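Have a look at the structure below, then the notes.
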Amino acid sequence: LQQLILEGKVQRLAAVGLDKLGRFYCRRCGEQEQIYVERLSSAPQPCRVCPSCRELGTLTDGIPLYRWRVELPRIKPSGVPPPLALPALTVWQEQAVRESLEFWRQPEPRTLLVWAVCGAGKTEVVFPLIRDALAAGKRVLLAVPRREIVRELGERIKRCFPGLAFTILYGGHKEEFPTALLTITTTHQLLRFTSCFDLVIVDEADAFPLYGNPMLNAALERVILPTGKKIYMTATPDPSWQRRARRGEIGVVKIPLRYHGRPLPVPTLIRTALPAKKAEFIPPVVKEFIFRLRTQERKGLIFLPTVQGVEAFARSLQQELPNQADQIDYIHARDPLREEKVKRFSTGQLHLLVTTTLLERGLNFDRLDLLVLYADQERIFSVETLIQIAGRVGRSAADPGGVVYFVAESITGTMKTAHQEIVRMNKEGNSFIKKKATSPDRE
C-alpha cells in the first residue's frame, strides 16, 4: 500500500476533511451537517467525528481513507464464462433473461428495472447476465437490504456458480477475495467503495434502508463506473420508477408469474375488534388461524407494527396456549437470537413466529400462512409492504397456495389497494399464459 501511495496510484486522505468551501465533511458517507468534536480514548486530542456511518467503524479527522487515483487494475477477461448451474427456467423467466442480456450488451439505457411478482425467481434471471459480465472481466456488485438475505444469497451463488470465488460483506462479517470480480453486500456496505463496479444489481431496491435514504443512494451512484450500468429488482416499484419506465428513461423487464405458474394468494380483508394495548385479549380470528395451522401442519407468521406489540402478543399467545408455548416465539431486528429463530422456524422446530416487518421480504418458508394484525397502520403497512408480506405465501411449487389475512378495526384504502394490485398481477399473469398458449411459435 505504501508503495502504491509513493507511486501516486493511491491517495491517502483524512476520513473527515475539508470540502472546497472549507467545511468539514465525511469522505465515506458525505455527511456535512453532523460532524462533531469528540474526545476519544484512542486519540490524544479531540477529533472531528462522523456519527452518520459510525456503525461501519468510527471515522475521524485522524483516521485515513484510501482511494485509487488512477484507473483500477483490470483483470484480463478469461473469455470463458464461469460454470452456471441453474434450475430449469420457465418460459417467462427465459424471456426475462434474453431481455436482461440485451440490456447489458447495448450501450443504452444505463438503468434497468426488473419488475417481477413475489416468488417469480427474479434473482436467477440475472445470473446469466452476471456470468456474461464476469467472463468479460467486469466487476459486479450485488446489493441486498439485510444481512439475512446476504447469507441466503451467498449460498445460492455457491450452488449456481460452483467453484466461483466471490466476496461477501455485511455488518460484522467479511469474506474477502482480492481478485474476485463478484461482491455480495448489504446496501450499507456501499459506503466502503468508490467508483469501481461495471454492473451494480440492487435486489429489493424499494426496501429499507436504501429506499428514501439520500446517503445510501448517493453511495450507490458513486460505486458505479462512468461506463457502468445498474439494475433495480423489485415486485413493488414506486410510481416514479413506473413513470420513468413508461417514458423510456429506463429499461424494464417484467416477470408477471411465479416460477411455478400459479397465482399469488389473494389476501382476505377482515374487520374485527383488536386489543388496544398489551394484548388484552386474543382475537377470535387469531385463534382460528392458529387452529388451522395445527390441524393442517403448517407454519404461520403474524405481523404486528411495533417491537413492543410483537413481544407482548407472543407472550400472550404462549400463556393462552401453554401446550404450544415452546413452538411459538417472536422476532424483530433488535432480537439478538433472530438468526437462530429463523433457522428453527425453517426447520419446523417453531410453528409460529410473531414478527415485525423484518420478515417482510427476502426469506422463503415452506407450508406458510400469514396474518397481518393492525393492517390499517398505514405508516408501517404501506401498499408495497402489504404486497411484499402477502408474497411470502405460496412460493413453493409443492405448496403454491396458503392463506393471507389482513386484519384491522377498519378496512383502509391502503389495504384495498394492496388487494386490488395482487388481483391485477394475477390477471396480467393469466393473460401472459393465454398469449403464450396461442402463440404460433410455441413448441
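The values are calculated or read from the model by the stated rules, or taken from the named source; none is laboratory data. This structure is a prediction, so every number in the text was calculated from the model and none was measured. Positions of Cβ are backbone-derived with ideal geometry, glycine not excepted, and every protein chain shown enters the neighbour counts.
Let's see how each residue does on (1) of a type in the set (Asp, Glu); (2) more than 30 Å from HIS332 (Cβ to Cβ); (3) assigned to a loop (DSSP other than H, G, I, E, B); (4) more than 19 Å from the chain's Cα centre (by Cα):
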| residue | (1), (2), (3), (4) |
| --- | --- |
| VAL97 | no, yes, no, yes |
| GLU108 | yes, yes, yes, yes |
| ALA120 | no, no, yes, no |
| ALA143 | no, no, no, no |
| PRO178 | no, yes, yes, yes |
| GLN189 | no, no, no, no |
| THR194 | no, yes, yes, yes |
- [ ] Go through the residues of the stretch 84-93 one by one and say whether even a single one is part of a helix (DSSP H, G or I) and under 20 Å from LEU210 (Cα atoms).
- [x] no
TODO: State which residue pairs qualify: first residue more than 24 Å from LEU373 (Cα to Cα) and inside the stretch 259-273, second residue assigned to a strand (DSSP E or B) in any location, beta carbons under 9 Å apart, and separation of 6 or more residues or different chains.
DONE: HIS260/SER396
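Would you mention how many residues in the stretch 282-302 are β-branched (Val, Ile, Thr), more than 12 Å from GLN327 (Cα to Cα) and assigned to a helix (DSSP H, G or I)? Walk me through it before giving the result.
So the first thing to find is which residues in the stretch 282-302 are β-branched (Val, Ile, Thr), and the list is 282, 285-286, 290, 295, 302.
Checking the rest, the ones that are also more than 12 Å from GLN327 (Cα to Cα) come to 282, 285-286, 295, 302.
Still in the running and assigned to a helix (DSSP H, G or I): 285-286, 295.
Residues that pass the stated criteria total 3.
What's the total number of residues in the stretch 294-319 that are β-branched (Val, Ile, Thr) and touching a Leu at 6+ places or on another chain (Cβ under 9 Å)? Break it down stepwise before answering.
At the first step, the residues of the stretch 294-319 found to be β-branched (Val, Ile, Thr) are 295, 302, 306-307, 310.
Now narrow it down to the ones that are touching a Leu at 6+ places or on another chain (Cβ under 9 Å): 302, 310.
Number satisfying all stated conditions: 2.
Filtering the stretch 200-249 down to residues that are hydrophobic (A, V, I, L, M, F, W, C) and in a helix (DSSP H, G or I), which residue is farthest from GLY171 (Cα to Cα)?
Here is the first cut: in the stretch 200-249, the residues hydrophobic (A, V, I, L, M, F, W, C) are 200-202, 205, 207-208, 210, 215-216, 218-220, 223-225, 231, 233, 235, 241, 245.
Retained after the next criterion (residues that are in a helix (DSSP H, G or I)): 215-216, 218-220, 223, 241, 245.
Numbers: MET215: 17, LEU216: 15, ALA218: 20, ALA219: 17, LEU220: 17, VAL223: 19, TRP241: 29, ALA245: 34 Å.
Out of the qualifying residues, it is ALA245.
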Task: Qualifying position, being assigned by TED's automatic domain parsing to the domain that holds ARG424 and aliphatic (A, V, I, L, M), among ALA276, ALA245 - done: ALA276
Task: Residue that is surrounded by the fewest Cβ atoms within 10 Å (Cβ to Cβ), among those in the stretch 178-191 that are at pLDDT 90 or above and over 16 Å from VAL150 (Cα atoms) - done: ALA180
- [ ] Please list, ordered by first then second residue, the pairs with beta carbon atoms under 8 Å, 6 or more apart or interchain, first in the stretch 194-209 and crowded, with 23+ Cβ neighbours inside 10 Å, second of a type in the set (Ser, Thr, Tyr) and assigned to a loop (DSSP other than H, G, I, E, B).
- [x] ALA205/TYR211
- [ ] Starting from the stretch 36-53, take each residue that is under 13 Å from TYR25 (Cα atoms) and list its partners that are among the aromatic types (Phe, Trp, Tyr) and modelled with pLDDT of 90 or more, counting only C-beta distances under 7 angstrom and pairs at least six apart or across chains.
- [x] ARG48/PHE24; VAL49/TYR36; PRO51/TYR36
